[in-house]
Amino acid sequence: MALPARDHHIPLAAAAALTKRHRETNPKAAKSGAFHADQVLKLLGQPGCVALRIHYGINADGTTSLVLTGMDAKDTDLTGEILEMHFPCPPACGDASALNS
């Protein structure tokens, strides 16, 4: 099934409320994960890629893993480029913001 049209934009206040609820509900969980833009752009640049999918996983040590794939118009994962090994926050949180503090 192809993804229906949707505006994924969210106001900062709403995004901050979501991330705050996550931090309060899961205080030991990672707050976020970062990926290098050039690698994300390569993933998105695959022929037929129309979207990004984020798979949630658990590493052998119990920490959260994020696995990124591209998606085609038929909702199929594109597996030519797959990203993982994100930089977790903490420690890679950057400056304090409404989304991570």
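Shown for the chain: cysteine residues without a partner Cβ closer than 4.7 Å, namely C49. Highest mean packing comes first when the peptides 55-61, 32-38 are listed by Cβ atoms within 10 Å, giving 32-38, 55-61.
Taking 0.36 nm per residue of separation and subtracting the Cα-Cα distance, full extension of the segment from D95 to I58 would add 10.7 nm.
Return one number: the angle in degrees, 0 to 90 and rounded to the nearest 10, between the long axis of the Cα atoms of helix 12-25 and the longest principal axis of the Cα atoms of the chain. Helix 12-25 sits at roughly 70 degrees to that axis. Under 13 Å from a label point 7 Å along Cα→Cβ of K42: give me every residue in the range 57-94 with its amide N that close. Backbone N within reach: 80-84. Under 18 Å of direct C-alpha separation, and excluding same-chain neighbours fewer than eight residues apart, K31 reaches these lysines: K20. Dimensions of the chain based on its C-alpha atoms, expressed as ranges along the principal axes with the largest first, amount to 38, 33, 24 Å.
Which longest uninterrupted range of the chain lacks any trypsin sites (Lys or Arg not before Pro) assigned by DSSP to a loop state (not H, G, I, E or B) and surrounded by at most 11 other Cβ atoms within 10 Å? Don't skip to the end; give the middle numbers.
Numbers: sites that count: R6, K28, K74.
Longest run free of exposed loop sites: 29-73.
Counting every other Cβ atom within 10 Å of each residue's Cβ, L83, L18 order from fewest to most as L18, L83.
Rule-based calculations on the coordinates, nothing more; no lab input. This one's a predicted model, so the numbers in the text were calculated from it and none came from an experiment. Note that we place each Cβ from the backbone using ideal geometry, even for glycine, and neighbour counts take in every protein chain shown.
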